[in-house]
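Shown next, in structure tokens, is the structure this report addresses.
The values are calculated or read from the model by the stated rules, or taken from the named source; none is laboratory data. In this text, all values refer to a predicted model and were calculated from it rather than measured experimentally. Note: ideal-geometry Cβ built from the backbone for every residue, glycine included; neighbour counts use all protein chains shown. Surface areas here come from the heavy atoms of the whole protein model, side chains and all, with no ligands, DNA or RNA. Shrake-Rupley method; radii C 1.70, N 1.55, O 1.52, S 1.80 Å.
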Amino acid sequence: MRDRHMLAGGGAVAVFILLVCAYVLVMPYWAPGRLTDLALQSMGRGFAAAGGGHLEFGPLAIRIDDAVLSGPEGSADSFVKAGAVIVPVTFGQLLSRQPDFSTITLRDAEIALLIDERGDASWDMHVPATGAAMKITLERAALRYFDARNNQALALGHVEGLLEIRPDGSMSFNGSAVIAGELVRASADLRSLARVNTDGSPLDLALTAPSGTLTFSGRLATSKALSLAGPLSLAGPDLAGLLSLTAGPAAAAMPSATAFSLEGALDSAGRAFAIRKAVLMLGGFGAAGDLAVDLRGERPRLQANLAAASLPVDQLVPASGAGPLDWGRRSIPFALLRMADADITLRAETARYGSLTTAATQLNATLADGRLSVSGDTRLATGGGLGVAVGLDAAALPPQASVSLRADETGAQPLLAALTGVTQLAGAGGFSAELTASGTTQEEMVGTLAGTARLALRDGSITGSDLPALMVAATTPVTGWTAGAGATPFKTLSGEVALADGIATIRQLTIATGSTVLGISGTGDLLRRAVDVTVVASPESGAAPTAAVGIRGKWDAPAIGPAPAPAGSLPATGN
């Protein structure tokens with residue numbers, strides 16, 4: 001019995017000794033030291049692992065916790081921090097203490113690409129060529145770039161993917177990252193990391209996200225500032241979504257579902273970007289020329305010199321939500337004017353706005369501190385010239401708008417239809433207006449409209465109503481314009497209207513038909529689409545007025561009836 005107890009005790013001691021030996025043999029307490037030696041010998045960098053080495057199973061691997069790879073000598077910043085470094089091993093490698101460090105995984109890593117005031121980069125290090133590529137799998141990594149010379153900074157979060165460093169010094173990455181809350185698939189191939197901070201290295205880059213794609217093939221350099229030079233292609237189904245990656249919530253003011261593409265030769269230095277020979281597509285609008293974006297100021301600044309075959313102006317004007325009988329109540333996206341500054345010159349062979357078509361047109365636009373100024377001169381397809389100046393001030397509360405128009409010797413119908421919605425008036429001549437308004441919707445703008453407008457036409461007509469016949473029919477009250485259906489041909493039509501708070505006061509409006517002169521006075525309420533005017537008919541010979549009617553109520557169906565001729569009614573003007 002005693003021998004059996006001694007045998008059992010001896011077996012337990014043997015098992016314990018075997019377990020201790022196995023622990024000593026297989027536990028990778030030595031792994032951090034091996035990495036420390038490797039980092040110092042191959043990169044001249046320090047390495048430390050506060051969490052020590054541990055075993056992982058399924059698959060078998062060494063896990064080194066709380067690992068830090070130091071930055072350049074004299075730098076207080078580390079180059080890489082990782083919650084864990086995972087090194088897959090075989091049992092033989094574990095026993096021989098000869099793991100293959102060419103394939104590792106970094107979990108919860110922070111990679112700092114830093115350039116100090118002297119221009120020294122954190123990634124500048126001598127790495128001797130080896131016979132095999134190093135493959136690093138990144139899990140939940142973060143990457144930050146900062147250049148102390150110009151304060152340029154970039155940051156990427158939730159980086160996942162495979163980073164491969166080849167024996168010739170080239171490297172590639174395939175994976176994903178989160179930018180502005182959006183998952184972006186990324187593929188990059190860099191020919192030489194060592195050359196990035198000297199003469200530069202060729203780089204191929206492709207980014208794909210739901211909001212768009214970007215491809216670049218050219219040169220990356222950081223010797224003076226982070227610079228890119230080479231062909232660039234950018235495209236997306238929704239410009240608002242694409243801008244949200246850089247502009248944030250302010251981009252929500254952009255019209256949605258506006259397809260966008262841009263191609264050209266990129267040349268950037270730091271936070272300034274130029275695209276030469278650019279080809280731009282925005283919805284149905286296409287243009288070509290030179291673009292530049294400067295991100296160094298408080299707001300991005302855009303400069304552009306573009307040429308287009310056709311300019312669809314109405315597609316570039318945000319929808320107001322207006323209906324056939326209602327002014328628009330949709331908020332005008334004035335926030336866009338506070339997103340950036342701009343200086344743009346745009347030339348087009350033709351321009352279209354509604355039914356209005358122009359010949360060669362040049363627009364000049366300046367945007368600064370939320371204040372937009374647009375001016376242009378063009379020849380109209382129907383003949384004559386048009387000059388336009390528009391001002392929008394998004395820095396004011398409420399936002400302010402101003403419009404100056406001047407049309408000379410042109411057909412009135414397409415111009416007035418496009419600018420005012422009036423389609424019934426045709427003739428040749430001139431039109432001018434100086435107007436101001438304020439508000440955040442089209443309805444508010446119309447309700448605050450102020451200024452003056454002048455019109456002088458000849459040899460035209462007013463369709464939809466025969467005014468002389470209407471005045472005869474209105475000896476008894478009628479409703480609507482159908483009592484005098486037809487048209488009113490005229491030899492001359494001229495007048496001036498003063499506007500204040502959306503009310504148009506007709507100062508002088510004279511229509512000479514050839515035998516009769518119609519003098520019109522009164523007011524029009526633009527906001528409510530209503531009129532209160534008196535029309536006085538006089539023989540063209542200059543005799544006393546023969547008839548007068550009052551027109552009051554909604555513009556589409558006013559009440560029309562006899563009215564006394566006002567004292568001092570407009571005299572006949574003859575030819």
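Protein-only accessible surface at a 1.4 angstrom probe places the residues VAL279, VAL388 in the order VAL279, VAL388, largest first. Using only alpha-carbon positions in the chain, the gyration tensor eigenvalues give semi-axes of 80, 25, 17 Å once each is multiplied by 5 and square-rooted (largest first). Computed over the alpha carbons of segment 412-482, Rg followed by Dmax gives 15.9, 45 Å.
On full extension, the segment bounded by ALA132 and GLU540 gains 136.7 nm, given 0.36 nm per residue less the C-alpha separation. When the Cα positions of ILE462, SER521, VAL478 are compared along the charge dipole of segment 447-543, ILE462 comes out farthest toward the positive end, with charges on each C-beta of Lys, Arg, Asp and Glu.
Give me the dipole magnitude in Debye, nearest 20, for the chain about the Cα centre, with unit charges on the beta carbon: positive for Lys and Arg, negative for Asp and Glu. Could the numbers behind the result be given before it?
Numbers: 41 positive and 50 negative charges, 85 e Å.
Taking the Cα centre of the chain as origin, the dipole is about 420 debye.
Rolled with a 1.4 Å probe across the full set of protein chains, the surface gives ASP204 an accessible area near 50 Å². Volume per residue of the convex hull around the Cα atoms, evaluated for segment 255-322, comes out as 108 Å³.
Of the listed residues HIS54, HIS158, the order by accessible area with a 1.4 Å probe, largest first, is HIS158, HIS54. Per DSSP H run of at least 4 residues, take -39500 (n - 2.57); add these up for the chain, divide by its residues and hand me the 222 nm value, nearest 500 deg cm²/dmol. Mean residue ellipticity at 222 nm (helix-derived): -4000 deg cm²/dmol.
The loop-placed GluC sites (Glu not before Pro) in segment 68-139, going by DSSP, that have at most 16 neighbouring Cβ atoms within 10 Å of their Cβ come out as GLU73, GLU117.
Can you give me the % of accessible surface on segment 332-462 that is carbon or sulfur? Probe 1.4 Å, all protein chains present, nothing else counted. Here it works out to 58 percent. Name the helices (complete DSSP H segments) of the chain with a Cα length along the long axis of 20 Å or more and a Kyte-Doolittle mean of at least 1.0, or state none. Those that pass (Cα extent of 20 Å or more, hydropathy at least 1.0) are 2-26.
So if the hydrodynamic radius of segment 26-103 is defined as the Kirkwood radius over C-alpha pairs, what does Stokes-Einstein give as its diffusion coefficient at 10 °C and 1.306 mPa s, in µm² per second?
Once the numbers are plugged in, D ends up at 124 µm²/s.
Simple rule: put +1 on each Lys or Arg Cβ and -1 on each Asp or Glu Cβ in the chain, find the dipole, and look at VAL279, LEU449, LEU397; the Cα lying farthest toward the positive end is VAL279. Solvent-accessible surface of protein heavy atoms, probed at 1.4 angstrom with all chains present, puts MET339, MET134 in the order MET134, MET339, largest first. Per residue, the solvent-accessible area of the chain (1.4 Å probe, heavy atoms of protein chains only, all protein chains present) comes to 51 Å².
For segment 410-557, the gyration tensor built on C-alpha atoms gives a prolate shape. Its axis ratio a/c (a ≥ b ≥ c) is at least 1.5, and a/b is the larger of a/b and b/c.
Rounded, prolate or oblate: which fits segment 307-414 when a ≥ b ≥ c are the square roots of the eigenvalues of the alpha-carbon gyration tensor, with rounded for a/c under 1.5 and prolate only if a/b beats b/c?
On the way: a/c = 1.91, a/b = 1.34, b/c = 1.42.
It is oblate, given that a/c is not under 1.5 and a/b is not larger than b/c.
Treating each Cα of segment 447-507 as an identical point scatterer and summing with the Debye formula, the log10 of I(q)/I(0) at q = 0.12, 0.20 Å⁻¹ comes to -0.44, -0.89. Each Lys and Arg contributes +1 and each Asp and Glu -1, all at the Cβ; summed about the Cα centre of segment 45-113, the dipole is approximately 180 debye. Each Lys and Arg contributes +1 and each Asp and Glu -1, all at the Cβ; summed about the Cα centre of segment 85-186, the dipole is approximately 240 debye.
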